[in-house]
1. Residues with amide H under 5 Å of residue 716's amide H, sequence separation 5 or more or different chain, H placed in the peptide plane at 1.01 Å from N; which?
2. Per-residue HN-Hα couplings for segment 58-63, Karplus 6.51 cos²θ - 1.76 cosθ + 1.60 at θ = phi - 60°, whole Hz, x for Gly and Pro?
3. Give a residue-ordered list of calculated ³J(HN,Hα) values for segment 729-735 (Karplus: 6.51 cos²θ - 1.76 cosθ + 1.60, θ = phi - 60°; whole Hz; x for Gly, Pro).
4. For helix 352-361, report the angle its Cα long axis makes with the longest principal axis of the Cα atoms of the chain; keep it between 0 and 90° and round to the nearest 10°.
5. Can you tell me the 0 to 90 degree angle between the C-alpha axis of helix 325-337 and the longest principal axis of the chain, rounded to 10?
6. Where the centroid of each part is defined by its Cα atoms, how far is segment 906-948 from segment 573-625 in Å?
7. Once amide H atoms are built 1.01 Å from N in the peptide plane, which residues 5 or more positions from residue 862, or in another chain, come under 5 Å H to H?
8. On a 0 to 90° scale, report how tilted helix 425-437 is relative to the longest principal axis of the chain, with both axes built from alpha carbons and the result rounded to the nearest 10.
Amino acid sequence: MSFRTPTAGGFVEDVSPGSGALAPRAWYPASDAKSLTLNGDWRLRVSPTADAEDDSFAAPGFDAGGWARVTVPGHWVLQGDGAFGSPIYTNHLYPFPVDPPRVPTENPTGDHLRVFDLPSDWPAASEGGAVLRFDGVESCARVWLNGTEIGGFKGSRLPHEFAVGRLLKPSGNVLAVRVHQWSAGSYLEDQDQWWLPGIFRDVTLLHRPAGCAGDFFTHASYDHVTGQGTLRVDSEVAGRVAVPALDIDVATGTDVTVPVRPWTAETPHLYDGELITPGERVPLRIGFRTVELADGLIKVNGRPILFKGVNRHEWHPERGRALDLETMREDVLLMKRHNLNAVRTSHYPPHPAFLDLCDEYGLWVIDECDLETHGFVEQGWRDNPVDDDRWTPALLDRAARMVERDKNHPSVVVWSLGNEAGTGRGLTAMADWIHARDATRLVHYEGDLDCRDTDVYSRMYASHEEVARIGEGLDGGTHRRRRLPLVLCEYGHAMGNGPGGLADYQELFERFGRLQGGFVWEWIDHGIRDERFGYAYGGDFGEALHDGNFVCDGLVFPDRAPSPGLLEYKKVIEPVTIEGDGADGTVRITNKQDFADLSAFTFTWSYQVDGETVASGGLGVPALAPGASADVKLPSAPDGRGAETGWTVRASLAADTLWAGAGHEVAWGQGTVTARPAPAVTPAGTPAPAGDGTLVLGPGVFDARTGAPRAIGGAEVRGGPRLDVWRAPTDNDDGAPWQSDIRYGPLWRKLGLHRMLHRLDAVEHEEHALTVRTRVAPAARELGLATVYRWTSDGERLALTVTVTPEGDWTVPLPRLGVRFGLDGAAGRVRWFGGGPGEGYPDTKTASRMGRWESTVDDLQTPYVRPQENGARADVRWAEIGGLRVEGDPEFWFTARRWTTEQLDAADHRTDLVPGDTVWVNLDHGQHGIGSQSCGPGPLPTYRLRAERATFSFVFSPAN
Ligand code: GAL
């Protein structure tokens, strides 16, 4: 005799998409038909298995008074302080045994209940029906209304509607939803993100009057030759289409051609219209534009476009993927204000309102289907659902739900089949279906390297070198692929400090026509707000299997504060570039946009002497066409009188826009007119023993035995300045374990660069100098750095020249090369002349602007969710901190923090960093580049900090 549990097989493990739902259709926010939101306070019961409780809770009269409360939209694991289970983070590993379509017996199940009344003005049953819409439930749901089961569905980030009119009562309606964390659908949803069950998008009841609109498809193309747009709205229910601004009032299904202003991401012109069926008026927002693949390029309205994009997951640090409209708008505003023009909705269709915002504010969208089966890579893609006909109906259902929902958005220019799902017949079926349903857009899927099913060649994390080869058309591939443009659907892995090398990618995108830009990975760190840690990441909830802070790899922090990576990207992709050899008094202005001229921007110039602005004014720049350049003459430069002089030209919005006010800066450039004179100290003083075991040289007091400084001017100095080569490895230094390239972070640690020993070889006094000879080297290795410190003074100031000579076989670059020392913890304020205001490293300092800056030590820190090297200011000429002024020869990297590098290195979360009583200062001659090796290539060779002989100097004096 054998027993089979009631849930084995059954709905949860059924690979089919579900039952009972209506055919997918276009989504629109509100029409004149009544609707009722069912968001809000629901009752919740969480059970450990799918069958722990029967479904009697769905029956009217069930007493759920003892149940917990949960907010819908929401994820139950993010509510109830852990009482309902915890989030799980894995990148690509399934957190359950891979045995499709079976799921574990431990299958957290959330029974949701909501009792509602119809509003008093809700039309009578004789006046039409009603539809119950779920915009997103993870991972599957069975639904009952007033005790009748109306269906079940999978496809977490896709809408599902049910006809419920006949079941509704004026009051006391009982809506019951049983949600399981795991289902057959989970095998199709292995995206790199938290697993977060729940009803996480809106639940709405829609009245459907007799004669209401069904599905409709707005076709609005633009002919760039004639300047005319052609509109046709195909509607399941016949009616009229009105667009007052265009004098259009035609029957559905009719083509009408009129002169229009086209829609582009730069000029998102929308026309308000209406679809009027006998029973409903549906608002339309129409953008005329034509997307095509022509001459091997993605063209919109006849012109090739360049994606300056980002991958966006939906994320809120407290609410997970349950986003409200304001949060979505904040994303769009931040993107627009940082010069982005494109979003890939990695890796699922977003909340539909997000696409309305993209239409309105202007962003190109690659809309991606809710599909990833990455975990099958662990078994060589065996049994991959996308290559198994039994799953194809589910794949087609997902494709249709995306396309039908989102097809009326002008911002959506490309459909994406999904992400990291290998290859297979199911994907081909999806591509065929999409191509047949919507010939007005292109199809993308990165996994299709031969481009059998796709219209663009897409790659992720390709190195600069390979991207250049593709740009030149020397990458081979199938014949079809060779005729297609390249888009990097992911590049520039923004995990922790970085990404590095964005400017170098952009240079390639702009050099080769075949390269149509890319999408930085990714928009936001998915940290979960948590008192213990600041922000929690994988492993912080005790998950057996997890991928740590790989979930924090965004251009904005979890609270949406821009990280330095976003500021760098903003500069790299500016819509207008301002370059020039300042010395000849002209700047070259280039319009880098694809459609708009420069008339939206005003330009100003200013001159700086030693970083201080001494003159400024407006700059007349012609309204250059896209792609055009002009040389514009600057007013003559003021006399630098032996100082460093330079100009800054800025471009800002001439008038208020939807996304930023007039004056918002979009681009800037700087040039040097006269270079900085090197700080010179003419040695005069001689080291003099003071009798108490110290030596005095100018403003410096040294330990006579070790030659180590104790004070400079009035400032006590601790533990240096002495050579320092260690930095707390960044996520990009550490690299991803699967990277085949050399990863320097682990090598540095293996060599012992984090525990260098300083051997004192000699302390020599000469007439005008104190020389300290040392050798700095790690235990157990024969390599080292012979380091000589030579101190001189002119009586007022103290100069230190450091000479470093590598000894032995240095096959790795150094993390950093410079000196470190401590100052009294009271040293809170910093002023400097150099790059700022934010951090910069060799391959992330495009946005570092030369000027005079001020900050506090606390504000110099960049709060990466997992602490790591951060906060260096680049190209610093001088800095003042704690009563000391330091000038560099040459310029240096300046870092100051209230903890040591070792403490920074040991910290796992922000809350591990506790200020001590010393401010630790690093003055670096060199920093190793950042790169993108946490999921991509390391720093390009020119940004590696090679171990080679180096000499650098600093001049210390009391700060004014
Ligand atoms: C890609 C993947 C993304 C993310 C990224 C690394 O392979 O498509 O979802 O995992 O790597 O952060």
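1. 824
2. Once rounded to whole Hz, the list reads 7, 7, x, x, 4, 8.
3. So the J values, rounded to whole Hz, are x, 7, 4, 6, 5, 5, x.
4. 60
5. 50
6. 33
7. Answer set, sorted by chain and number: 871.
8. Between the helix axis and the principal axis of the chain, the angle is about 70 degrees.
Computed from the coordinates by the stated procedures, all read-outs in this text should not be read as laboratory data. Here the structure is a predicted model, which is why all the values come from computation and not from measurement. Using ideal geometry, Cβ is built from the backbone for each residue, glycine included, and neighbour counts are taken over all protein chains shown.
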